[in-house]
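What follows is a set of notes on a single structure, which appears directly below.
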Amino acid sequence: MDHPHKQPNEVEQLKNQLLKQVAWYCMGLHACLIITFLYVGVELLAIVNIMSVATWWFGIKLLERAQQSLALRIFSLEVTIHSILVCAIIGIDYGFQFYLWAASCLLLLDTQLKLKQAVLWCTMIIIMFACTYLVFEQPTQHINYDQFAPYLHFLNVVVCGIPMIYTIGLIREITIGQQDELEMLAAHDSLTHLFNRRYAHNLIQQAYRSCMNNQQPICVVMADIDHFKRVNDQYGHEQGDEIIERVAQCLTQHLNNADIAVRWGGEEFLLVLPGYAMLKAQKHLEIIRQAIEAMTFTNAALQITMSFGVAQWQAKCDFETVLKQADIALYKSKHKGRNTITSAPNSH
């Protein structure tokens, strides 16, 4: 159930803006057709296009009021009736039947319609399109410009296709953007932008298999911000969040693309370092430790340090075992006075 204070859906807002652009395009097209049909002497179709302009203007007003579903249904109905009426009067040689394809596409954008309903209505419109070739082969009113029929047919196909391509193309980009955002949210911690615990498991296993296959070392590190609860209680949760965020940024700056940094929980972080033997890992962690210790904050009295426990991941050892080894090493770092690095004894 939507909360009364919920912000409007960003994707739907973008789609609404897109539909308004298409609607203005179609309204302008119908305005041009008023002049065209008056020029060729088909006054009835000129009147129909006046009504169409009014319909599209009304639909734009509905879009401005966020009544997208109703606007789409009105647009689709208008295009369907208009196309069939034009084909009934001047025949199919001029290509107005192709606007029925546009009408079917418009209905598919109506997310308030269930998929089966939308597909059913779209199928009916496409069947109407096919029927125009059987029912309206002979026009009821001839136009004196029959020689231009092939060119107008070509023009109508292009004019009909452009908004369809434009609409579907932009919605495709919106969908891809939304998919990327969802993947980002699913994989990363919202505060630190490091990998979250759930997503990291597969990455870690893949990194381990890759190192074992290539006979490369790999180290696992547990890291924890020292005295974080005390700092959090003294300076507040907002300051605590800033500390966690700044520490995460520092970790990211000192890691390679192949390294894996995870917010393991609260002020605790997990690092997986593919290609690192123990000595190399210790030297690298010392650089990180010093960088965190050197960080400054708005509150000059605030100083942050971090403790580390590192274990080398041996072959035929599962992740839970090496993680426990790194965790025990971290506990020893805390016991030794914090702000230090301890390696698991069986990792050498």
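The values are calculated or read from the model by the stated rules, or taken from the named source; none is laboratory data. These figures come from a predicted structure and were not determined experimentally. Don't worry about glycine lacking a Cβ; one is built from the backbone with ideal geometry, like all the others, and counts go over all protein chains shown. Just the protein is used for accessible areas: all its heavy atoms, side chains included, with ligands, DNA and RNA removed. Shrake-Rupley method; radii C 1.70, N 1.55, O 1.52, S 1.80 Å.
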Summing -39500 (n - 2.57) over every DSSP H run of at least 4 in the chain, dividing by its residue total and rounding to the nearest 500, the 222 nm mean residue ellipticity is -22000 deg cm²/dmol
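Could you work out the relative contact order of the chain, using alpha carbon pairs under 8 angstrom and six or more residues apart, expressed as a whole percent? Show your work: numbers first, answer last.
On the way: 459 pairs, mean separation 42.8, N = 348.
After rounding, I find 12 percent.
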Report relative contact order for segment 144-280 in percent, whole number only (criteria: Cα-Cα under 8 Å, sequence separation at least 6).
29
Give me the lysines in straight-line cross-link reach of K324: C-alpha distance below 26 Å, same-chain residues under 8 apart excluded.
K229, K280, K283, K316, K332, K334, K336
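Could you calculate the FRET efficiency of I47 with R172 from 1/(1 + (r/R0)^6), where r is the beta carbon distance between them and R0 is 35 Å, rounded to 0.05? Please list the in-between numbers first.
Values: r = 38 Å, r/R0 = 1.08.
So the FRET efficiency works out to roughly 0.40.
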Out of segment 252-294, which trypsin sites (Lys or Arg not before Pro) are coil in DSSP terms and have no more than 15 other C-beta atoms within 10 Å?
none
Contour excess over end-to-end distance, with Cα ends at M124 and H335 and 0.36 nm allotted per residue
68.5 nm
Accessible area per residue for segment 205-348 in Å², computed with a 1.4 Å probe and the full protein assembly in place, what is it?
51
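How big is the Cα convex hull of the chain in projection, averaged over all directions, in nm²? Don't skip to the end; give the middle numbers.
Numbers: hull surface 105.7 nm².
Its average projected convex-hull area is 26.4 nm².
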Multiplying the sequence separation of E12 and W57 by 0.36 nm and subtracting their Cα-Cα distance, what value in nm do you get?
14.2 nm
E137 versus K20, label points 7 Å from Cα toward the beta carbon: distance in nm?
4.7
Antiparallel as a % of all DSSP beta bridges within the chain, to the nearest 5?
85
Between I162 and E286, what is the spin-label point distance in nm, taking each point 7 Å from the Cα along the Cα→C-beta axis?
6.8
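For the pair S69 and L203, what calculated FRET efficiency results from E = 1/(1 + (r/R0)^6), where r is the Cβ-Cβ distance and R0 = 56 Å, to the nearest 0.05?
Using R0 = 56 Å, I get an efficiency of 0.85.
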Extending each Cα 7 Å along its Cβ direction at I328 and N144, get the distance between those two points in nm, one decimal.
10.1
Return the long-range amide H neighbours of W264 (sequence gap of 5 or more, or a different chain), with a cut-off of under 5 Å between placed amide H atoms.
F269, L270
Under a cut-off of 29 Å between alpha-carbon atoms, report the lysines in cross-link reach of K20, not counting same-chain residues fewer than 8 places apart.
K6, K61, K114, K116
